[in-house]
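Peer 1: Okay, here's the structure, questions in a sec.
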Amino acid sequence: TPNPEEGYMAYHLDWNNGKMNGFENSSGPQSLMYYTSYQLGALWSLAEEYSLADHYFSPVLSESAPNTLFYVAGFSPVINDYGPPPYVPFNQTIFYELNSYGISWGFYTYNGSPVDPWEYIYGIDKYTNHLHSWQEFLSELENNTLPSVTWIFSQDFQDYDMGPPKEILQGELFLLYLINKIETSPVWNSTAIFVTWDEFGGFYDHVSPPSVDGLQYGPRVPLIIISPYSKEDYVSHTLMTHLL
């Protein structure tokens, strides 16, 4: 799939003050393509079996770095993919809050190397013992030694990033592999898996994102909640973002 033009300016032109009619001339005609349930069979099946949110918006009308920072800090000092600096202080992140309450956490990437948002957090270099690889995740899962809260990132590594121009099927198969491993592990009965994406990548959506408390959200991204406690074949219409 050709990659739509991405960026703060491109996305604002796509959005066009809520008219959602600038995509073809900004992110490009490739932004108007879409996948069907045949191409997204794994994700489609997960959404039918568990719970889907259809009003889950990216928190910033911009690229990955600021949106990913909202996952862990609730704000971003950058508006596009540049830097760092500026940085987010460690004591303003969810990692600091988890430490404060004695809750274990882990950050997992393909080979254990930092990715957004890790690289944007000042002072996190003292906590590299929380930074692990996918293989370590699988080992800890099998041994029932996973931390209570885990993040698994797939961007920019091998062929497992679903963002174009990479093959989306490879990313789907990797995600399905991880979920199957979790569902057959000792932790499954006490687990909730939240599957989402940092931002929309420039692809067309007809729903205009809202502005909340002075913050202009970006277009919708999927959120699938996979758990023994999820409602089957349930779609939530509640307004949500990485902040809520």
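The values are calculated or read from the model by the stated rules, or taken from the named source; none is laboratory data. These numbers were taken from a predicted model, which means no experiment stands behind them. When we count neighbours, we look across all protein chains shown, and the Cβ atoms used for this are built from the backbone with ideal geometry, even at glycine. Side chains are part of the model used for accessible areas, which takes the heavy atoms of the whole protein and leaves out ligands, DNA and RNA. Shrake-Rupley method; radii C 1.70, N 1.55, O 1.52, S 1.80 Å.
Peer 1: Taking every DSSP beta bridge that has both residues in the chain, what percent is antiparallel when rounded to the nearest 5?
Peer 2: In the chain, DSSP labels about 40 percent of beta bridges as antiparallel.
Peer 1: Assuming a ≥ b ≥ c are the square roots of the Cα gyration tensor eigenvalues, decide whether segment 17-67 counts as rounded (a/c under 1.5), prolate (otherwise, with a/b larger than b/c) or oblate.
Peer 2: oblate
Peer 1: Also: Please report, as a whole percent, how much of the solvent-accessible surface of segment 1-44 comes from carbon and sulfur atoms (probe radius 1.4 Å).
Peer 2: So the carbon and sulfur contribution to the accessible surface is 54 percent.
Peer 1: Continuing with this model, one more query. In whole angstrom, note down how far apart the Cα centers of segment 182-217 and segment 29-77 are.
Peer 2: 5
Peer 1: When only C-alpha pairs under 8 Å and at least 6 residues apart count, what is the relative contact order of segment 38-116, in percent?
Peer 2: It rounds to 20 percent for segment 38-116.
Peer 1: Continuing with this model, one more query. Mind checking the full-extension length gain between Trp44 and Met20? Use 0.36 nm per residue of separation minus the Cα-Cα distance, one decimal, nm.
Peer 2: Using 0.36 nm per residue and subtracting the Cα-Cα distance, I get 6.1 nm.
Peer 1: Considering the options Ser148, Pro219, Pro165, tell which one lies farthest towards the positive end of the dipole of the chain, charges being +1 on Lys and Arg and -1 on Asp and Glu at the Cβ, about the Cα centre.
Peer 2: Ser148
Peer 1: On a 1.4 Å probe surface of the protein chains, which of Phe200, Phe194, Phe107 comes out largest in accessible area, and what is the full order?
Peer 2: Greatest to least solvent exposure: Phe194, Phe200, Phe107.
Peer 1: Still on this structure, I have one more. How about Lys166: which lysines have a C-alpha closer than 30 Å to its C-alpha, ignoring those fewer than 8 places off in the same chain?
Peer 2: Straight-line reach from Lys166, under 30 Å: Lys19, Lys181.
Peer 1: For Glu49, what accessible surface area do you get with a 1.4 Å probe? Give it in Å², rounded to 10.
Peer 2: Accessible area of Glu49: about 90 Å².
Peer 1: What residue among Asp125, Asp205, Asp213 has the largest mean-square fluctuation in a Gaussian network model of the chain, using Cα springs under 10 Å?
Peer 2: For the chain, modelled as a Gaussian network with Cα springs under 10 Å, the answer is Asp213.
Peer 1: Once amide H atoms are built 1.01 Å from N in the peptide plane, which residues 5 or more positions from Val212, or in another chain, come under 5 Å H to H?
Peer 2: Those lying under 5 Å, H to H, from Val212 are Tyr217.
Peer 1: From the square roots a ≥ b ≥ c of the eigenvalues of the alpha-carbon gyration tensor of the chain, which class results: rounded (a/c under 1.5), prolate (a/b over b/c), or oblate?
Peer 2: Oblate.
Peer 1: Where is the GNM fluctuation largest for the chain (alpha-carbon springs, 10 angstrom cutoff): Val60, Val78, Val187?
Peer 2: Evaluated over the chain, the most mobile residue of the options is Val187.
Peer 1: Then there's this: Long-range amide H contacts for Trp105: which residues qualify at under 5 Å (H placed 1.01 Å from N, peptide plane, sequence gap of 5 or more or a different chain)?
Peer 2: Ser148, Val149
Peer 1: Rounded to the nearest 20 Debye, what is the dipole magnitude of the chain about its Cα centre when Lys and Arg each give +1 and Asp and Glu each give -1 at the C-beta?
Peer 2: With only Lys, Arg, Asp and Glu charged at Cβ, the dipole is about 400 debye.
Peer 1: Using alpha-carbon pairs under 8 Å, 6+ residues apart, how would you state the relative contact order of the chain in percent?
Peer 2: 32
Peer 1: HN-Hα J couplings of segment 208-222 from phi, Karplus 6.51/-1.76/1.60, θ = phi - 60°, integer Hz, Gly and Pro as x?
Peer 2: 6, x, x, 10, 10, 6, x, 9, 7, 5, x, x, 5, 10, x
Peer 1: Here's something else I'd like to know. Whole number in Å², please: accessible area per residue of the chain, 1.4 Å probe, ligands, DNA and RNA not counted.
Peer 2: Solvent-accessible surface per residue comes out at 52 Å².
Peer 1: Another one. Quick query: amide H of Ile121 versus all other amide H atoms, modeled in the peptide plane; which residues come in under 5 Å with a sequence gap of 5 or more or a different chain?
Peer 2: The answer is Val88.
Peer 1: Here's something else I'd like to know. Cut-off 10 angstrom, C-alpha nodes, Gaussian network model of the chain. Which of Thr68, Thr128, Thr36 fluctuates the most?
Peer 2: Comparing Thr68, Thr128, Thr36 in the GNM, the peak value goes to Thr36.
Peer 1: Suppose a student asked you for the relative contact order of segment 142-244, using Cα pairs under 8 Å spaced at least 6 residues apart; what percent would you report?
Peer 2: Answer for segment 142-244 is 21 percent.
Peer 1: Quick check for me: using +1 on Lys/Arg Cβ and -1 on Asp/Glu Cβ, what's the dipole size of segment 1-104 about its Cα centre, in debye to the nearest 20?
Peer 2: The calculation lands at about 200 debye.
Peer 1: Counting only protein heavy atoms and a 1.4 Å probe, tell me what percentage of segment 130-244's accessible area is made up of carbon and sulfur.
Peer 2: About 52 percent, which is the carbon plus sulfur part of the accessible surface.
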